[in-house]
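Take a look at the structure below.
The values are calculated or read from the model by the stated rules, or taken from the named source; none is laboratory data. A quick note: this is a predicted structure, and the numbers were derived from the prediction, not measured. So basically every Cβ, Gly included, is an ideal-geometry build from the backbone, and we count neighbours across all protein chains shown. For the accessible areas, the whole protein counts, side chains as well, though only heavy atoms, and no ligand, DNA or RNA atoms are used. Shrake-Rupley method; radii C 1.70, N 1.55, O 1.52, S 1.80 Å.
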Amino acid sequence: MSDQISPWVRRYAPLVPGGAVLDLACGSGRHSRHMAALGHEVVAVDRDPAALAAACGPGITTSAIDLEQQGAAWPFGPHRFAGIVVTNYLHRPLIGDMLASLAPNGVLIYETFAAGNEQFGKPSNPAFLLQAGELLALAAAHGLRVVAFEDGVIDSPKAAMVQRLCAVKPEFPREAALLPPF
């Protein structure tokens, strides 16, 4: 895994309003550190204690939780986070509870592998690959407004088929979603 911040996360992170941010399946904390540098208190969650040790830093609270464990319950309450960042992770049973934890003006930044990634290697298990339009459908089903979406092949940090979504809750002000041009 790369230590570089995803260009997708870098681009949309400034939209996250003040407040706590959840970095779900944070790995070694590349996005946790980025969000903390932007002034957010970050809750970094992963099941790997060694990865969490690398994610520690100012403004970051780490939590070792295996959310895929049999009987695991979502540990966060509703409207808890101003932003949720998820990269390279998909566990569909969590999505509804995760989105309920987004504040009324919160921002979801999501990027993970999609069907077709098999041609590039792992992950190749359909359980870990988004289907065509799946992130858009999830956003619509949960009342999120899509700010940006991509579905295609990336070359860096390695070739992969991905879907990327930045979506906001209904109370997010439309004028705040305007970013400077590329």
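Here are some notes:
- Hey, ARG92 within 15 Å of the chain's Cα centre (by Cα), farther than 30 Å from GLY71 by Cβ and among the basic types (Lys, Arg) or not: no
- In the set GLY133, GLY96, GLY116, GLY106, only one residue is more than 23 Å from ASP3 (Cα to Cα) and open to solvent by 30 Å² or more (accessible area, probe 1.4 Å); that residue is GLY96.
- Any hit, the stretch 62-85, residues being open to solvent by 40 Å² or more (accessible area, probe 1.4 Å), more than 30 Å from SER124 (Cβ to Cβ), hydroxyl-bearing (Ser, Thr, Tyr) and touching a residue at least 12 places away in the same chain (Cβ under 8 Å): no
- Members of the stretch 31-45 that are closer than 18 Å to LEU108 by Cβ and not in a loop (DSSP other than H, G, I, E, B): HIS31, SER32, HIS34, MET35, VAL42, VAL43, ALA44, VAL45
- The residues of the stretch 46-61 that are part of a strand (DSSP E or B) and without any contact (Cβ under 8 Å) to a residue 24 or more places away in the chain, listed by number, are ASP46, THR61.
- Every residue from the stretch 136-151 that is open to solvent by 20 Å² or more (accessible area, probe 1.4 Å), in a strand (DSSP E or B) and not acidic (Asp, Glu): ARG145, VAL146, VAL147, PHE149
- Taken over the stretch 44-59, residues that are open to solvent by 20 Å² or more (accessible area, probe 1.4 Å) and either touching a helix residue (DSSP H, G or I) at 6+ places or on another chain (Cβ under 6 Å) or closer than 22 Å to LEU94 by Cα (or both) amount to 6.
- Enumeration of residues in the stretch 1-30 that are assigned to a helix (DSSP H, G or I), open to solvent by less than 70 Å² (accessible area, probe 1.4 Å), of a type outside the set (A, V, I, L, M, F, W, C) and closer than 16 Å to GLY106 by Cβ: TYR12
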